[in-house]
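Note sheet for the following structure.
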Amino acid sequence: MTLTTELGALTGPALWQSFAALCERADAVQQEFLLDLIRSNADSRFGREHGFERIASVDDFRRRIPLRDWNDVEPYVTALVAGETEALTSGQPVARFIMTSGTTGTPKLIPANDATQEVNGVTMALRLLGVLRDHPEVLRGDILALANAAVAGQTASGIPYGSASGMSMTRAPAELRQRFAYPPAVLEIKDPASRVYAMLRFALERDLTLAIGNNPLNFTQLFDLLPTHAAALIADIESGTLSTPEPLSDVLRQRLEAELRPNSERAAALRALDVLSARAAWPNLRLIVCWKTGLMGRFLNDLAERCPPGTVFREYGYGASEGLLTIPMSDETSAGVLAIHGIFFEFLPEEATQTPDAPTLLAHELEVGQRYQLILTTAAGLYRYCLGDLVEVQGFLGRAPLVTFLRKVGDVLNLLGEKLDARQVAMAMEAAQRASGLAVRHFQWIADASTLSYELCVEPAAAGESDWRTLIDTFDRELRTLSYGYELRRGNGTFAPPRLRLMCPGWLEALSQGGGYQAKPKIVGYQLAESGLTERLVLPAEPVARD
């Protein structure tokens, strides 16, 4: 019986106490997990190629298996897709693939088997325990959970693939699934606009106390559709129908409408509101569980304005398509303890170069305040896989570190060695907004390699503002204090003062549409997306007042 199986048999305080006990001996737990995984998969093709039968320690594992990125993993995944069931694991066939665009935009299929789904189930149960411990009041109402379809299609060999969020929703405890604000069949709607309309139509008849989803921007965009579709939504509630923007198949529509009944009382209450908004429709919404780490925090203020006063935001937890990686500890921090029961973790220092034989650190060897590149070994056969994420250690639970996600390792701009990262850019923008008094809806910091220059692209939060000179000057000055490399090149004239590009209203939506409501618009890059939405350029020497 594995550690995960033992934990999965527990519930409530007993589950947390057992996990906390594992954290006290995290080094031994990680070694036990890894060696059991190696023994179990010695007969896989990967295991035979890398001499799993001769691995008897963590050091053996690190000597025999080089660090690898997606290019090294992809041939094995291709074999799995083609039907070679034991390319990466033995006796644990792929149950499904998690589809992700990754950082390159090229779709990836991340293997998941029964073991990884069991691991994620325990991790999610631990996360929910913390939520219910700190907010038992949310069980008085219903839950709005944002997700994509658990199954989007099948490979030629019949293996389903879909989203990690959809799979988590289908595997939630039964007592929580009964409180979901819409039926799972809503996620089968292919048209994104029709899917979110259906979510709202069902949710408006529920008394929401809790909302769960990854990206806070998803909730803001969803809530902003309420006044747009108010008349149609209220009419549907009154008549017990579902009038999606795009027609549904007869079978799917019948399945969904079978759960609806005319509700004239709720329709009248909604019609009596001055404006149909999330704040007015769901006054008992108490908690939103979403990403607060990395660059997601910039979307929280917008979301808070749309929610009832006093709504609390709690960290969802750090994770990826490869697995759920941390368990958040409280509302006050985004740091979470590593899921040591079901993933083997290694780390490279922030400045280290990722080479196949680069020396790594183990979880219990990390230092508080330091930043590391994350490397995973999972039960689905990702061995020493470099995730491309940078994390920071903020403490320990026993010998297990508490980490927060900072950014993708690739979120760095580097024209001449200045190495500006996305967090520095975000911090400079926060200072610029405070100094200028201007509100910015979205921004991108763009490096132009052809001219060795930088440009700040901004969508204002409101029309009529004029103090853009203060904003760009403060941004530039703050960035110079945060980055020695940038300051050096600005000081010697290598980089000219950055120019400001004001973007038209709707730019953020245009960026998001490429990935549906799960999109995560980046704030650093080498090419401006949707450049056709430029309103005007503010050059260093020109007046900045807007017409």
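Eight or more residues apart or on different chains, and alpha-carbon atoms under 21 Å: count the Lys pairs in the chain matching that.
12
Taking amide hydrogens as modeled 1.01 Å from N in the peptide plane, which residues meet the under 5 Å criterion relative to residue 400, leaving out close sequence neighbours?
Counting only residues 5 or more places away or on other chains, the set is 26.
Give me, ordered by chain and number, the residues 5 or more places off residue 212 or on other chains with an amide H under 5 Å from its own placed amide H.
144, 145, 146, 289
Efficiency by 1/(1 + (r/R0)^6): what FRET value for residue 354 and residue 301, r their Cβ-Cβ distance, R0 = 25 Å, to the nearest 0.05?
Efficiency for this residue pair is about 0.10.
From the phi angles alone, apply the Karplus equation (6.51, -1.76, 1.60; θ = phi - 60°) to the stretch 123-139 and give each ³J(HN,Hα) in whole Hz, x where the residue is Gly or Pro.
4, 5, 4, 5, 4, 5, 4, x, 4, 6, 5, 8, 9, x, 5, 5, 6
Taking the alpha-carbon centroid of each part, what is the distance from the stretch 1-68 to the stretch 236-266 in angstrom?
48
May I ask you to derive the FRET efficiency for residue 31 and residue 156 from their Cβ-Cβ distance with R0 = 45 Å, giving the value to the nearest 0.05?
Efficiency, from the Cβ-Cβ distance: 0.70.
DSSP loop (so not H, G, I, E, B), at most 11 other Cβ within 10 Å: list which trypsin sites (Lys or Arg not before Pro) in the stretch 345-406 pass both filters.
Qualifying residues, ordered by number: none.
Are there trypsin sites (Lys or Arg not before Pro) in the stretch 98-192 that DSSP marks as loop and that have at most 13 other Cβ atoms within 10 Å, and which are they?
Here the trypsin sites (Lys or Arg not before Pro) that fit, given the DSSP loop and packing criteria, are 190.
With no solvent and one equal point scatterer placed on each C-alpha of the stretch 420-525, evaluate the Debye formula and give log10 I(q)/I(0) for q = 0.13, 0.15 Å⁻¹, two decimals.
Result of the Debye calculation: -0.48, -0.63.
Any chance you could check the Cα centroid distance between the stretch 135-152 and the stretch 449-492 for me, in angstrom?
Computed from Cα coordinates, the inter-centre distance equals 40 Å.
What's the Cα-based Rg to Rh of the stretch 136-285, Rh via Kirkwood?
0.96
Looking at the stretch 424-532, which chymotrypsin sites (Phe, Trp or Tyr not before Pro) are DSSP coil and have at most 12 other C-beta atoms within 10 Å of their C-beta?
Those satisfying the criteria are 526.
Name the long-range amide H neighbours of residue 150: under 5 Å, sequence gap of 5 or more, or other chain; modelled H, no Pro or chain starts.
So residue 150 has HN proximity to 163.
Considering every pair of different Cα atoms, what Kirkwood radius, in Å, is found for the chain?
25.2
Would you calculate, for the chain, the mean residue ellipticity at 222 nm contributed by helices, counting each DSSP H stretch of 4 or more residues as -39,500 (n - 2.57) and dividing by all residues, to the nearest 500?
Counting only the DSSP helices, I get -10500 deg cm²/dmol.
Each reported figure results from applying straightforward, stated rules to the coordinates on display, with no laboratory input. Computed from a predicted structure; not experimentally measured. As a convention, Cβ positions derive from the backbone with ideal geometry for all residues, glycine included, and neighbour counts pool all protein chains shown.
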